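Step one of this worksheet: look at the structure below.
The values are calculated or read from the model by the stated rules, or taken from the named source; none is laboratory data. The model shown is predicted, which means the values in this text are computed figures rather than measured ones. Every residue, glycine among them, receives a Cβ derived from its backbone with ideal geometry; neighbour counts consider all protein chains shown.
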Amino acid sequence: MLGKYSLELPGEYIQWKGSMAKIKVAVVGASGYSGEELLRLLLRHENCEISVITSRQNAGTKVSEVLPRFAGNNLIFSAPDTDDIAGKSDVVFLALPHGLAAEFAVPLLKKGLKVIDLSTDFRLKNTDVYKKYYKEDHPAPALLKDAVYGLPERYRAEIKKAKLIACPGCYPTSIILPLAPLLGDKIISPENIVVNSLSGVSGAGRKVDLAYIFPECNESVRAYGVVGHRHLPEIEQELGASAGCDVRINFIPHLIPVNRGISSSIVANISKDFSKEKVEAAYRKAYSNEKFVRLLAYGKQPDTKFVTMSNYCDIGFSYDEHTGKLIVNSCIDNLTKGASGQAIQCMNIMFGLDESAGLL
C-alpha cells in the first residue's frame with residue numbers, strides 16, 4: 001500500500017506526490033453530521049478518493065438516497081468491516097460516538113492504516129479522568145501514549161509523524177485556540193477563568209432526542225451541562241499543558257437555535273504585567289502564519305456567520321477597565337474547524353499536502 005508514496009523524509013513521515021495515485025480514504029460513520037461534512041469536503045479534495053463509506057443502518061444504500069446533497073454520486077454505504085476497509089484504504093476517519101471508535105482503531109492500526117478519530121476516545125491522557133466523565137473504563141488504554149491531539153496550531157510537528165490522531169472537540173477548539181497563547185506567555189491568570197459557549201444544534205449529532213427537535217430548540221436559548229460537561233477535562237488538559245500548571249475553569253455551554261456554529265466568550269483575570277500590546281504580540285507569535293486562525297482588530301468581535309461552512313477560527317478581544325478583566329471571543333463552525341475540517345487539516349499534514357487542500 002505504501003508503495004504509492006515517496007518516502008523522502010525520516011521515519012514514518014510520508015511526502016505525498018500529487019502526480020501519483022490519490023490517497024484512498026474511508027469514512028466510518030458517514031451518515032452522521034460529521035460524516036456528512038467529511039464527505040462534503042473530501043469530494044472536492046483533489047488529492048483524495050473516497051474508497052469506503054460505512055453506515056450499519058444504511059448499508060447497501062446509495063449515499064444520495066440518504067444524503068440528497070450528494071445527488072449524482074455513486075458512493076454506496078457498506079456495513080463496517082475492518083478487513084474490507086484495510087484492503088481499500090490508506091487512511092480512515094472514524095466519525096463515531098465515543099466508545100465505538102476504539103473497536104475500529106485497534107485493528108486498523110495493526111493493519112498499518114493511519115486513523116483519524118473524531119470521537120472522544122483518545123483525547124484524554126488520564127484513564128481515571130476518562131472513567132470519571134464517561135462512567136466506564138477506557139476501551140483501549142494502550143493506544144493513548146501514541147495518540148496525538150489533532151490541533152494543528154499546537155501540535156503540527158507531532159501530527160506529521162502520527163499514526164493515530166485524536167481530533168479535538170468543537171467546544172475545546174473554540175476555547176483552546178484563544179486561551180493557549182495567553183496562558184503560555186503568562187499574560188492572564190490560570191485561575192478563575194469563565195467560559196460561556198453557545199452552540200448550534202448539530203453539535204448534538206444526528207439523533208432523535210426530545211431536547212433537540214425543532215419545537216424544543218426554536219425560539220429558545222438554554223444552558224446545559226453547566227457542571228461536569230464531558231468536554232471540560234479535555235479543555236483543562238490542554239490549557240494546563242499551555243500554562244505549565246493545573247487549570248480549572250467554569251465552562252457553561254448553551255444550546256442556541258441555529259444549525260451550526262459556536263461562539264465562545266471567555267473572561268479571565270490579567271497578570272501584573274498585562275498590556276493590550278502583549279496580548280496582540282502573543283497572538284501574532286502564535287497565529288500570524290496560521291491559515292485558519294484569523295485575528296480581529298482590538299475591540300472587534302467575531303460572528304458565527306463569517307465562519308460557517310469554513311475551517312476558520314476568528315478571535316477578538318477587549319480589555320474591560322471597569323472590572324480589570326480580559327474578555328476574549330472566538331467563533332468556529334462546530335462541524336468544520338470543530339470536527340471534520342480540522343480532521344482533514346490533520347490528514348493533509350500527515351501526508352505532506354498543502355494544509356489547506358480541500359478546505360478553501
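If you check ILE270, ILE344, which single one turns out to be at pLDDT 95 or above and assigned by TED's automatic domain parsing to the domain that holds VAL148? Even if it seems obvious, please write down each step before you answer.
Working: ILE270 fails: assigned by TED's automatic domain parsing to the domain that holds VAL148.
Exactly one residue qualifies, and that residue is ILE344.
Condition (residue is assigned to a helix (DSSP H, G or I), closer than 24 Å to ALA204 by Cβ and among the acidic types (Asp, Glu)) applied to region 81-89: is it met by at least one residue? Checked region 81-89: no residue is assigned to a helix (DSSP H, G or I), closer than 24 Å to ALA204 by Cβ and among the acidic types (Asp, Glu).
Being over 24 Å from ASP303 (Cα atoms), in contact (Cβ under 8 Å) with a residue 12 or more places away in the chain and surrounded by fewer than 16 Cβ atoms within 10 Å (Cβ to Cβ), is that true of even one residue in region 249-270? So far as region 249-270 goes, no, none of its residues is over 24 Å from ASP303 (Cα atoms), in contact (Cβ under 8 Å) with a residue 12 or more places away in the chain and surrounded by fewer than 16 Cβ atoms within 10 Å (Cβ to Cβ). Filtered by the rule that a residue be within 11 Å of PRO178 (Cα to Cα) and among the small types (Gly, Ala, Ser), region 260-294 gives SER264, SER265, ALA282, ALA286.
Residue count for region 97-122, restricted to those that are touching a Pro at 6+ places or on another chain (Cβ under 7 Å) and closer than 15 Å to VAL148 by Cα: 3. Taken over region 303-360, residues that are buried (at least 17 other Cβ atoms within 10 Å of the Cβ), in a helix (DSSP H, G or I) and not β-branched (Val, Ile, Thr) amount to 12. When each of VAL115, VAL148, VAL129 is tested for being crowded, with 24+ Cβ neighbours inside 10 Å, aliphatic (A, V, I, L, M) and in contact (Cβ under 8 Å) with a residue 12 or more places away in the chain, the lone residue that passes is VAL115. For region 138-222, the helices (runs of 4 or more DSSP H) that sit wholly inside it and include 3 or more residues that are closer than 22 Å to GLY338 by Cα and not assigned by TED's automatic domain parsing to the domain that holds ASP128 are 170-184.
Is it true that some residue in region 68-91 is among the polar types (S, T, N, Q) and either surrounded by fewer than 16 Cβ atoms within 10 Å (Cβ to Cβ) or not assigned by TED's automatic domain parsing to the domain that holds ALA142 (or both)? Looking for residues that are among the polar types (S, T, N, Q) and either surrounded by fewer than 16 Cβ atoms within 10 Å (Cβ to Cβ) or not assigned by TED's automatic domain parsing to the domain that holds ALA142 (or both), one finds at least one in region 68-91, hence yes.
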